[in-house]
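Q: The structure's right below; bear with me while I get my questions together.
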Amino acid sequence: METPEIFVILGVFIFCGMGKSFLARNWPKYLLQWLSLGAIVVFLTGLAGMVFPEMDKPDPEALCPMGGLQAFGTYLVRGSLPCTMNTLQIVMGLALAAAVVFLGKLFCGYLCPVGTVEDGLGRLRRALHIRAFNISRRSAADKVLRIVKYGLLFWIFYMTCTSSELFCKKFDPYYAVATGFKGEIVLWGSISTVVLVLLPGLFIDRFWCKYICPLGAVSNSLKFYLPLGGILLLWWVLSLLGVHLHWAWLLGALCLTGYLFEVFHRRPAGQLLTLVRDETACTRCGLCEKECPYAIDILHYGAKMNDVDCTLCGDCTGVCAHKALGVGGVMRAGKPASWKKMLPPCLAVVLTVAAFSIGNTYELPTIDEEWGMEQVAGHLDKVEVEGLRTVKCFGSSMAFKARMEKVPGVHRVRTYVKSHRVEVFYDSKVTDADKVRTAIFVPSRFRIKTPDHRLVPELKVMTIRVEKMFDKLDLNYLGLQMRQSGRGVYGLESEFDCPVKVRVYVDPAEEWDAAWFKEMVNRKSLDMPLHGGGVKKTPMNLEFVRLEKEEDSIAATAFLERMFDGFHAAYNGRYARTSLPPALREGRQEDSIVVKRSEVYAGKKQYIYELADTNYQKPIVRRALPFLSNHISREEGIISLSLTLNKDYLPALQIRFAAPATSERIWELLQAEMWTITYKKDDVRQEKPRLAFRKEGEVFPAEADSPQRQ
C-alpha cells in the first residue's frame, strides 16, 4: 500500500470517529491537530511538490521532534549528528523540551499526529457505543505499564547515540505509516507499534501516549526538571572529582528519576501555564474528568491543577457548561478569563514557527573530527567548500573524513549535510589550500548515451571550463541536462583545475559553439519529469567560464571502454591438501587449505558463460552483482564473475568455469527461485533473486589469461 492511500484511509477513519466534535466546544485543538496532520499528508505524499515543484519531498523522520532530541543526545555524546539530521530537527526537539519545562505538553496536545489518531479512536469508540476500559491511575497496573515507555526511551537513546543512526524509526508507527511501511523499518516491529496505537486506543483513551510513547516519557520527565537538574549537577561534580562514569549511567538515572516522579509524585511545579478551576462556579458535575483523555481526577486538585499527564488540550474547559475551568492563574469567581483558553494552541504555533525559523538560520556540523593533532605545532588553516551533494548524511560524512585522513597535512574535518558544505583544516607547513581542494575534488565520468561504434567510429572531444563544480553529482546533473537537449552528446568527464576542466564527447557531424554550452551549464535547475506526472526541479549553481579552442578526437570503442564501469570477483575454495597439485601443496602441512580457484584449475579446460545485455549498465544491476557473485561462488568449478565489454563492445556478464561446473548447472543457479547468500560464516540466508535472466547465455572456450575490459 502506498503512503497516500494509507493517509486517506486513516483520515476517513479518524474523521468518522470525531463526528461533530471538530465544530463543537474545543475547536482550537481540533483545528491545529487537523492542520498538523494535513500538512504532514501534503508534504509526505508529494502534493506540495505539485504547487512548489522546486521543493524536495521531505524525509519523514525530519518532521518529528523525537528525532531532533535523539540527534541532540548523539551530538552531546559523540560530537556528531546521526543520519541526515541537522540543526532544524534539533531546534524543533529543543523547542518541545522548552515548552514542556515552562509551559506544558503542547506538542502532545495539539500537534502530534499519533495523538490525533488516539483522540480520533476515542471519539470513534463513543460513536460506535463501544464500552471503554480505562485503567485506574491509582492501580498497580498503571504504575507497571508506565515503566514501558521509560525502558523504550533508554533503549532508543542508547542505540542511537552508539550507532549514530535513528533507532526509533525502525519501530516508530508514524514513520512506518508515513513511508508506507518501507524505508529502514523493522516490519514486525512497525506493525506491532501500529497495532498498539490502533487496537488498545479504541478501548483505552491515549493508551499509546500513557504507556508506550518514548516522547511522552521525555515530556513527563522534563516536567520534573528540578530533580533532573540535580542528577546532572551530581554528574558534573563527580566528573570534577575524577569519577568518570559512562554516559549510559546518566541516561539510566534520568529515565529512572522521571519514572519515579511520574508514578509517585505526579504534580510538577514551576510551569507558567496550568489548568485552574473557579471553585465557586464549579458544580462538581464531573463532566471535565469524563472528557479528559487521560482520566485525570481534576476535582481533587483544588483551584490549581498541574498533573504530569495534562497536555492543556482544552477538552475539559470546552465541556464545562459553567466556565469554571480555564488556563493561567487562579480565576475570580464569576469572571473566568475565557480568552486564556487560546494561549496553549497559540503558543504551540508560535514556538513551532520560531523553532523552524531559528533551525533554518543556523547549522550544527554533522561531524567535527580531528586526528594527528600532536603533529601540529601551530595554527591550522581552513578550506571551505560548498555544494558537495554527496555529503548528505552521517555515513557519507564519515566516508569524506576517511578520505581526508589520507591527505598529508589535513587534521580536521567538519561537515554540514543540510547545506552540503565541508570545512577542512590543514597544516600550512605540510600542504596548501590548492592541494587540499584537489584532494576534495573527485574526478568523475558520466555516460549520456552509447554511440554505435559502427556508425560513429570516432567522437570529437571538446573542453569547457566550469566554476562551482565541486561534486561528481554536479557532473551527473549537467549530463542529464545535456541528455534532455536531444543533441549528440555522448559523455562527460571532469578533471580538477581552476576552473574545473570538463571534457565533452560529442558527435563530430554536429555543429557546436560556446553559446550552447553556456546555456546548458548556466541553467538554474534540472527539470526531470516524474513517473505519473509532474516535474522534479533540482537546483543547479554552475557557472560557464569558456570553451577551449583546442579539440581532440577519440575512437568510439575507446570511449566505450573509458566510460564502462566493470565488476570482477574471483573465488577461493577450501580443498584437501592431498587433492591439490604438488605446486600448491608445497610448504603447507595443514590438511585443509584455502586456495584461489584460478590456481586450482590452472591448466584445465576453462570456459566462459556469457550473458550480454545493455541493461547491465544500469546502477540497479551493479548493486545486485555482489549478491549474485555470493550466490554462485558456492558452486565448485566456478572461478570468477565479471561484468565487462564483450568482443562486440556490449555489456556482458561473464562467468568463468571449469569441470565439474557445467553451463546447464550455471543456468540452474541463475534461475533459482531463491539465492543462497552468505553474510557471515554463521549467517547464511535464502533470499529472493535480485536479477532475472530470461535467455540462456552463450558458452565459448576461455583463453588461459583472457583480457577483460573493465
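Q: THR644 - would you say it is in contact (Cβ under 8 Å) with a residue 24 or more places away in the chain, surrounded by fewer than 17 Cβ atoms within 10 Å (Cβ to Cβ) and part of a strand (DSSP E or B)?
A: No, not satisfied.
Q: While we're on this one: Pick from the range 647-665 the residues that are among the charged types (D, E, K, R) and free of Cβ contacts under 8 Å to residues at least 40 places away in the same chain: which of them is surrounded by the most Cβ atoms within 10 Å (Cβ to Cβ)?
A: Taking the range 647-665 first, the residues among the charged types (D, E, K, R) are 647-648, 656, 664-665.
Checking the rest, the ones that are also free of Cβ contacts under 8 Å to residues at least 40 places away in the same chain come to 647-648, 664-665.
Values: LYS647: 10, ASP648: 9, GLU664: 9, ARG665: 17.
It comes out as ARG665.
This table checks each residue for (1) touching a Gly at 6+ places or on another chain (Cβ under 9 Å); (2) at pLDDT below 95; (3) at negative phi.
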{"position": "ALA515", "(1), (2), (3)": "no, no, yes"}
{"position": "ASN522", "(1), (2), (3)": "no, no, yes"}
{"position": "GLY534", "(1), (2), (3)": "yes, yes, no"}
{"position": "GLY566", "(1), (2), (3)": "no, yes, yes"}
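Q: Restricting to the range 490-510, and then to whatever is of a type in the set (A, V, I, L, M, F, W, C) and over 22 Å from VAL442 (Cα atoms), can you tell me which residue is nearest to the chain's Cα centre (by Cα)?
A: The initial filter retains those residues of the range 490-510 that are of a type in the set (A, V, I, L, M, F, W, C), namely 492, 496, 498, 500, 502, 504, 506, 509.
Adding the requirement that they be over 22 Å from VAL442 (Cα atoms) leaves 506, 509.
On the way: VAL506: 38, ALA509: 46 Å.
Only one residue fits best here, namely VAL506.
Q: Restricting the search to the range 496-514, which residues are in a strand (DSSP E or B) and in contact with a Ser or Thr (Cβ under 9 Å, 6 or more places away or on another chain)? Break it down into steps so the answer makes sense when it comes.
A: Taking the range 496-514 as the starting set, the residues that turn out to be in a strand (DSSP E or B) are 500-506.
Matches in the range 496-514: VAL500, LYS501, VAL502, ARG503, VAL504.
Q: Restricting to the range 281-313, name every residue that is in contact with a Gly (Cβ under 8 Å, 6 or more places away or on another chain), under 15 Å from GLY109 (Cβ atoms) and of a type outside the set (S, T, N, Q).
A: Listed by number, the residues that qualify are GLU291, PRO293, CYS310, LEU312, CYS313.
Q: Please state which one of VAL385, VAL442, VAL436, VAL417 is under 30 Å from PHE107 (Cα atoms), of a type in the set (Val, Ile, Thr) and in contact (Cβ under 8 Å) with a residue 12 or more places away in the chain. Please lay out each step first, then the result.
A: Details: VAL385 fails: under 30 Å from PHE107 (Cα atoms); VAL442 fails: under 30 Å from PHE107 (Cα atoms); VAL436 fails: under 30 Å from PHE107 (Cα atoms).
Only one candidate qualifies: VAL417.
Q: Could you tell me which numbered condition HIS244 fails, if it satisfies all but one of (1) in a loop (DSSP other than H, G, I, E, B); (2) under 30 Å from PHE171 (Cα atoms)?
A: Of (1) in a loop (DSSP other than H, G, I, E, B); (2) under 30 Å from PHE171 (Cα atoms), only one is false for HIS244: (2).
Q: Quick check on the range 136-154: of everything there that is surrounded by 15 or more Cβ atoms within 10 Å (Cβ to Cβ) and of a type outside the set (Lys, Arg), which residue is nearest to ASP309 (Cα to Cα)?
A: My answer is ASP142.
Q: Quickly run through the range 515-541 and pick out the residues that are surrounded by 14 or more Cβ atoms within 10 Å (Cβ to Cβ) and assigned to a helix (DSSP H, G or I).
A: TRP516, PHE517, LYS518, MET520, VAL521
Q: Here is a list: VAL461, VAL422, VAL456, VAL430. Which entry is of a type outside the set (Gly, Ala, Ser) and either under 33 Å from the mean Cα position of the chain (by Cα) or assigned to a helix (DSSP H, G or I) (or both)? Write out each step before concluding.
A: Numbers: VAL461 fails: either under 33 Å from the mean Cα position of the chain (by Cα) or assigned to a helix (DSSP H, G or I) (or both); VAL456 fails: either under 33 Å from the mean Cα position of the chain (by Cα) or assigned to a helix (DSSP H, G or I) (or both); VAL430 fails: either under 33 Å from the mean Cα position of the chain (by Cα) or assigned to a helix (DSSP H, G or I) (or both).
Criteria check complete, one pass: VAL422.
Q: Which number in (1) surrounded by 14 or more Cβ atoms within 10 Å (Cβ to Cβ); (2) touching a Gly at 6+ places or on another chain (Cβ under 9 Å) marks the one condition that VAL500 misses?
A: (2)
Q: Would you check if ILE620 is of a type outside the set (Ser, Thr, Tyr) and either in contact (Cβ under 8 Å) with a residue 40 or more places away in the chain or within 19 Å of SER598 (Cβ to Cβ) (or both)?
A: Values: of a type outside the set (Ser, Thr, Tyr): yes; either in contact (Cβ under 8 Å) with a residue 40 or more places away in the chain or within 19 Å of SER598 (Cβ to Cβ) (or both): no.
It is false that ILE620 is of a type outside the set (Ser, Thr, Tyr) and either in contact (Cβ under 8 Å) with a residue 40 or more places away in the chain or within 19 Å of SER598 (Cβ to Cβ) (or both).
Q: Within the range 618-641, track down each residue that is part of a loop (DSSP other than H, G, I, E, B) and among the charged types (D, E, K, R). Step through it out loud before you land on a result.
A: We begin by selecting, within the range 618-641, every residue part of a loop (DSSP other than H, G, I, E, B); these are 618, 633-637.
Residues satisfying the conditions are LYS618, ARG634, GLU635, GLU636.
Q: Turning to a different aspect of this structure: I need the full set of residues from the range 368-420 which are in contact with a helix residue (DSSP H, G or I) (Cβ under 8 Å, 6 or more places away or on another chain), farther than 17 Å from ALA439 by Cα and at pLDDT below 90, in order please.
A: VAL417, LYS418
Q: In addition: Among the residues in the range 216-233, are any under 19 Å from TYR175 (Cα atoms), surrounded by 12 or more Cβ atoms within 10 Å (Cβ to Cβ) and aliphatic (A, V, I, L, M)?
A: First, the residues of the range 216-233 that are under 19 Å from TYR175 (Cα atoms): 216-218.
Going one step further and asking which of them are surrounded by 12 or more Cβ atoms within 10 Å (Cβ to Cβ), we end up with 216-218.
Checking the rest, the ones that are also aliphatic (A, V, I, L, M) come to 217-218.
The answer is yes; a qualifying residue exists.
Q: Checking TRP249 against (1) of a type outside the set (Val, Ile, Thr); (2) surrounded by fewer than 19 Cβ atoms within 10 Å (Cβ to Cβ); (3) at positive phi, only one condition comes out false. Which one?
A: Against the list (1) of a type outside the set (Val, Ile, Thr); (2) surrounded by fewer than 19 Cβ atoms within 10 Å (Cβ to Cβ); (3) at positive phi, TRP249 comes up short only on (3).
Q: Another question, then. Using the structure shown, decide if GLY93 is modelled with pLDDT of 85 or more and over 30 Å from VAL391 (Cα atoms). Break it down into steps so the answer makes sense when it comes.
A: Details: modelled with pLDDT of 85 or more: yes; over 30 Å from VAL391 (Cα atoms): no.
No.
Q: Something else now. Condition check: touching an Asp or Glu at 6+ places or on another chain (Cβ under 9 Å), modelled with pLDDT of 85 or more, closer than 30 Å to SER357 by Cα and surrounded by 23 or more Cβ atoms within 10 Å (Cβ to Cβ). Does ASP119 satisfy that? If you could, list the steps in order and put the result at the bottom.
A: Working: touching an Asp or Glu at 6+ places or on another chain (Cβ under 9 Å): yes; modelled with pLDDT of 85 or more: yes; closer than 30 Å to SER357 by Cα: yes; surrounded by 23 or more Cβ atoms within 10 Å (Cβ to Cβ): yes.
So ASP119 passes the test.
Q: Do you know which of the residues in the range 418-435 that are surrounded by 15 or more Cβ atoms within 10 Å (Cβ to Cβ) and of a type in the set (A, V, I, L, M) is farthest from PRO408 (Cα to Cα)?
A: VAL422
Q: For the range 350-364, give me each residue that is surrounded by fewer than 17 Cβ atoms within 10 Å (Cβ to Cβ) and either among the hydrophobic types (A, V, I, L, M, F, W, C) or assigned to a helix (DSSP H, G or I) (or both).
A: Passing the criteria: VAL350, VAL353, ALA354, PHE356, SER357, ILE358, ASN360, THR361.
Q: Ok, one more. Whether any residue in the range 329-340 is within 13 Å of ASN26 (Cα to Cα), part of a helix (DSSP H, G or I) and at pLDDT 85 or above is what I want to check.
A: No, that holds for no residue.
Q: Does VAL376 meet the test of being under 20 Å from ASN476 (Cβ atoms) and either surrounded by 17 or more Cβ atoms within 10 Å (Cβ to Cβ) or not basic (Lys, Arg) (or both)?
A: Values: under 20 Å from ASN476 (Cβ atoms): no; either surrounded by 17 or more Cβ atoms within 10 Å (Cβ to Cβ) or not basic (Lys, Arg) (or both): yes.
So VAL376 does not fit the description; no.
Q: Select from the range 441-472 the residues that are surrounded by 20 or more Cβ atoms within 10 Å (Cβ to Cβ), hydrophobic (A, V, I, L, M, F, W, C) and more than 12 Å from VAL504 (Cβ to Cβ) and list them in ascending order.
A: Passing the criteria: MET469, PHE470.
The values are calculated or read from the model by the stated rules, or taken from the named source; none is laboratory data. Quantities reported herein were computed from a predicted structural model and do not represent experimental measurements. Cβ coordinates were reconstructed from backbone atoms using ideal geometry, including for glycine residues, and neighbour counts include every protein chain displayed.
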